[in-house]
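Below: one structure, written as structure tokens.
The values are calculated or read from the model by the stated rules, or taken from the named source; none is laboratory data. For clarity, every value in this text was computed on a predicted model and none was experimentally measured. Note that each Cβ is placed from the backbone with ideal geometry, even for glycine, and that neighbours are counted across all protein chains shown. Surface areas here come from the heavy atoms of the whole protein model, side chains and all, with no ligands, DNA or RNA. Shrake-Rupley method; radii C 1.70, N 1.55, O 1.52, S 1.80 Å.
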Amino acid sequence: MEMKKMCYSHAVGEFNYHLQLTPAYGRWIFVDEKVKKLTKAYLVAKIGELKLELVTFEFGPDHVHIFVANCKNYAPCKIVQFLKGF
């Protein structure tokens, strides 16, 4: 996927974040395919609701990596708060 620079009223550039979300106590919950599938569906729904662009994401046994783009309106801590709270 090609990233393009966005033009805003006082800025030009890219606003991309790489986030790593880990469940409580580092449990290996993502070894179960059903949990992966449900988590993916929830994350895609919430990212769409926030009007962010999901570039990609990958699961490890105890974490998920998410790469989102066009995040100008949200601080990284708020995006994590929205995603983990959802």
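Some points to look at:
- Restricting attention to region 19-38 and to residues that are of a type in the set (Val, Ile, Thr) and farther than 18 Å from Val80 by Cβ, the residue that is most open to solvent (accessible area, probe 1.4 Å) turns out to be Val31.
- Residues in region 54-86 that are surrounded by 15 or more Cβ atoms within 10 Å (Cβ to Cβ) and either at positive phi or among the acidic types (Asp, Glu) (or both): Asn70 alone.
- Close pairs (6 angstrom Cβ cut-off, 6 or more residues apart or separate chains): over 15 Å from Ala45 (Cα atoms) in region 60-81, at pLDDT below 95 and basic (Lys, Arg) anywhere: none
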